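J.: Right, I'll just put the structure down here and ask away after.
The values are calculated or read from the model by the stated rules, or taken from the named source; none is laboratory data. Keep in mind that what you see is a predicted model, and the values were worked out from it rather than measured. Because the Cβ atoms are built from the backbone with ideal geometry, glycine has one as well, and the counts that use them run over all protein chains shown. Side chains are part of the model used for accessible areas, which takes the heavy atoms of the whole protein and leaves out ligands, DNA and RNA. Shrake-Rupley method; radii C 1.70, N 1.55, O 1.52, S 1.80 Å.
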Amino acid sequence: IIPVYQRKRLVTFTARAVIETAALRYKNCPVPESVVSIKECLYNLDNVKESAIVVEGVFDAWRVGDGACATLGTQITQEQIRLLSQFKNVFIMLDSEAVNEAEKLSYALASIVNHVEIIHISAKDPCEMSDTDIRALKKDLCIQ
């Protein structure tokens, strides 16, 4: 079970099957039982300062660390866009197969965020990046 906090308050959770062959890999808290729907949240939002690295999943956010927030899937909502609008810089680093979603998000943020950029990485998924690559990326983007 992975708790989701917004403004240091537990608002919902997601859960991940530990068996790769499980029919359902992720299970979210039902909306009626959530304080805030999971699709109105950005995972790890409380650990982002003025620049955000937007990733797709929880494991990606864990791998990148502070400065990263996850959309919890490729379907990005208007509320998630509103949450991202508070940042001066937004760097979009979705999984390699989510190119169209990254472009849509970039377009949606372009008029409301100072700087928006899609980050292309050699790894298929941000959670596969090495420590060295993560440190270099965050240094290049001036994210601590």
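J.: Name the one entry in 100, 28 that is of a type in the set (S, T, N, Q) and farther than 21 Å from residue 116 by Cα.
T.: On the way: 100 fails: farther than 21 Å from residue 116 by Cα.
Only one candidate qualifies: 28.
J.: Here's another thing I want to ask about it. Is it fair to say residue 53 is open to solvent by less than 30 Å² (accessible area, probe 1.4 Å), touching a Gly at 6+ places or on another chain (Cβ under 6 Å), within 20 Å of residue 95 (Cα to Cα) and of a type in the set (A, V, I, L, M, F, W, C)? Working first, answer last.
T.: Working: open to solvent by less than 30 Å² (accessible area, probe 1.4 Å): yes; touching a Gly at 6+ places or on another chain (Cβ under 6 Å): yes; within 20 Å of residue 95 (Cα to Cα): yes; of a type in the set (A, V, I, L, M, F, W, C): yes.
In short, yes.
J.: Shifting gears a bit: Since residue 62 meets every condition but one in (1) in contact with a strand residue (DSSP E or B) (Cβ under 7 Å, 6 or more places away or on another chain); (2) under 16 Å from residue 134 (Cα atoms); (3) open to solvent by 20 Å² or more (accessible area, probe 1.4 Å), which condition does it not meet?
T.: So the condition that residue 62 fails would be (1).
J.: Tell me which of these residue 47 doesn't satisfy, since it passes every other one: (1) open to solvent by less than 20 Å² (accessible area, probe 1.4 Å); (2) under 16 Å from the mean Cα position of the chain (by Cα).
T.: Unmet condition: (1).
J.: May I pose another question? Which of the residues that make up the stretch 1-24 are surrounded by 13 or more Cβ atoms within 10 Å (Cβ to Cβ) and either of a type in the set (Phe, Trp, Tyr) or not in a strand (DSSP E or B) (or both)?
T.: 5, 13 - these are the residues of the stretch 1-24 that are surrounded by 13 or more Cβ atoms within 10 Å (Cβ to Cβ) and either of a type in the set (Phe, Trp, Tyr) or not in a strand (DSSP E or B) (or both).
J.: Any idea which residue in the stretch 116-132 is most open to solvent (accessible area, probe 1.4 Å), counting only those that are more than 17 Å from the chain's Cα centre (by Cα) and over 15 Å from residue 66 (Cα atoms)? Even if it seems obvious, please write down each step before you answer.
T.: First pass over the stretch 116-132, keeping only residues more than 17 Å from the chain's Cα centre (by Cα): 122, 130-132.
Then drop every residue that is not over 15 Å from residue 66 (Cα atoms), which leaves 122, 130, 132.
Details: 122: 122, 130: 50, 132: 88 Å².
Among residues in the stretch 116-132 that are more than 17 Å from the chain's Cα centre (by Cα) and over 15 Å from residue 66 (Cα atoms), the one most open to solvent (accessible area, probe 1.4 Å) is 122.
J.: Something else about it: Right, residue 84: touching a strand residue (DSSP E or B) at 6+ places or on another chain (Cβ under 7 Å), touching a residue at least 24 places away in the same chain (Cβ under 8 Å), open to solvent by 10 Å² or more (accessible area, probe 1.4 Å) and within 17 Å of residue 101 (Cα to Cα) or not?
T.: Details: touching a strand residue (DSSP E or B) at 6+ places or on another chain (Cβ under 7 Å): yes; touching a residue at least 24 places away in the same chain (Cβ under 8 Å): yes; open to solvent by 10 Å² or more (accessible area, probe 1.4 Å): no; within 17 Å of residue 101 (Cα to Cα): yes.
Answer is no for this residue.
J.: Hey, which of the helices (runs of 4 or more DSSP H) in the stretch 52-116, taking only ones fully inside, have at least 3 residues that are closer than 24 Å to residue 139 by Cβ and of a type outside the set (Phe, Trp, Tyr)?
T.: Working: elements: 58-64, 78-84, 99-109.
In the stretch 52-116, 58-64, 99-109 are the helices (runs of 4 or more DSSP H) which contain 3 or more residues that are closer than 24 Å to residue 139 by Cβ and of a type outside the set (Phe, Trp, Tyr).
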